[in-house]
Amino acid sequence: MSTSTIIEPPRLGTDLKTLCLTNVARHWKRLADTAAKSRQPHANYLADLAALEVDTRREHRIQRRIQDAKFPILKTLDSFDFAAQPTLDRDSVLDLFQCEFVPTHANVVLIGGVGTGKTHLAIALGIAACQREHRVRFSTAAELTNALVEAQHEGRLSRKMEQLARFDVVVIDELGYVPFDKLGADLLFGFISRVYERRSLVVTTNLPFAKWSDVFLDPTAAAAVIDRVVHHAIILKTGGDSYRLRAAKRSGRKGVQDPA
Ligand code: ADP
Ligand code: MG
């Protein structure tokens, strides 16, 4: 049972609604009660209410950014096992997660074999950027290219490019898993050129740069892409065996073998 002695002033509810102060409307009475009981100065009560509104709105904005990013799954750095990646310098990774690369429009490239945590880190980095209220979009290289090709066929390529270029960070996952056709390669190159030095790309790939020409079909196009992606880029290399495979082997599941 509430023992609150606070009486709601007649206009307050509608005024808070008019001002869209939904969080203040929801919590003012509880805070007023605490303030009265602890004889808090009025100014502190007002400051607490303002902080509550600001913090809650910020939290909602962050949640919206995370939803808009369309991550396939949520992963964070907290669940990343650095012991499994001894060649990855923990301090450099922690530094990267401060997201200074976003305002400077630098890129991040994660290179390494299958299952070594590239996508995990790319998602976690994307979420860290969302938490700093940057606009992020996650897509695989194949999805991004298909979206560009489709937009081209439907005569809305420039609108699509415009829309993608509005994100502060675009994660391009799995570059190199599927080779592109000529149009796909050209359009992806067009997008990378468009955002060069204006936005940040986070690219994950299993291919060393020397093999990128296999994906872009043409060594000149590959060189141009590497030039734009790698210029102002932080490059992290993940190594070792697949994490899942190792974890499965450690847990002693039967039938788990090293791939040939
Ligand atoms: P990649 O993109 O390099 O192929 P993923 O990031 O998809 O690999 O990793 C495969 C799975 O293993 C994911 O479930 C991921 O969360 C997990 N994983 C990989 N490396 C680590 C790590 N160092 N610590 C915790 N989980 C990891
Ligand atoms: Mg991956």
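Just a few scattered comments:
- For Lys182, the lysines whose Cα falls under 23 Å of its own Cα, not counting residues fewer than eight places away in the same chain, are Lys160, Lys211.
- Along its principal axes, the range 1-58 has C-alpha extents of 28, 23, 22 angstrom, given from the largest down.
- Charge dipole magnitude, Cβ of K and R +1, D and E -1 - the range 50-111, Cα centre, debye nearest 20: 380
- Ordering Val195, His153, Thr205 by the projection of their Cα atoms onto the charge dipole of the range 101-255, which places +1 on the Cβ of Lys and Arg and -1 on the Cβ of Asp and Glu, puts Thr205 at the extreme positive end.
- The angle between the Cα long axis of helix 219-230 and the longest principal axis of the Cα atoms of the chain comes to about 30 degrees, rounded to the nearest 10.
- Cα gyration tensor shape of the range 95-235, rounded if a/c is under 1.5, else prolate or oblate by comparing a/b with b/c: oblate
- Radius 14 Å from Cβ of Phe216, net charge of other residues (Lys, Arg +1; Asp, Glu -1): -2
- Of all lysines in the structure, the ones whose alpha carbon falls short of 20 Å from that of Lys17, not counting any fewer than 8 places away in one chain, are Lys29.
- Only Lys, Arg, Asp and Glu carry charge here, each on its Cβ (+1 for the first two, -1 for the last two); on that basis the chain has a dipole of about 780 debye about its Cα centre.
- Per-peptide average of other Cβ atoms within 10 Å, ordering 120-130, 174-184 highest first: 120-130, 174-184
- C-alpha long axis of helix 118-131 to longest principal axis of the chain, angle in °: 30
- Convex hull volume of the C-alpha atoms in the range 63-112, normalised per residue: 125 Å³.
- For peptides 239-245, 144-150, sequence by mean Cβ density within 10 Å, most packed first: 144-150, 239-245
- Relative to the longest principal axis of the Cα atoms of the chain, helix 22-37 runs at roughly 50 degrees.
- Cα-based shape type of the range 1-138, given that a ≥ b ≥ c are square roots of the gyration tensor eigenvalues and the cut on a/c is 1.5: prolate
- Computed over the chain, Kirkwood Rh from alpha-carbon pairs, angstrom: 21.5
- Neighbours of Ala35, meaning other residues whose beta-carbon lies under 13 angstrom from its beta-carbon, give a summed charge of +2 when Lys and Arg score +1 and Asp and Glu score -1.
No lab work stands behind these numbers, since they all come straight from the coordinates. Worth saying up front: this structure is predicted, and the values here are computed from it rather than measured. A quick note on method: Cβ atoms are made from the backbone with ideal geometry, for glycine too, and the neighbour counts reach across all protein chains shown.
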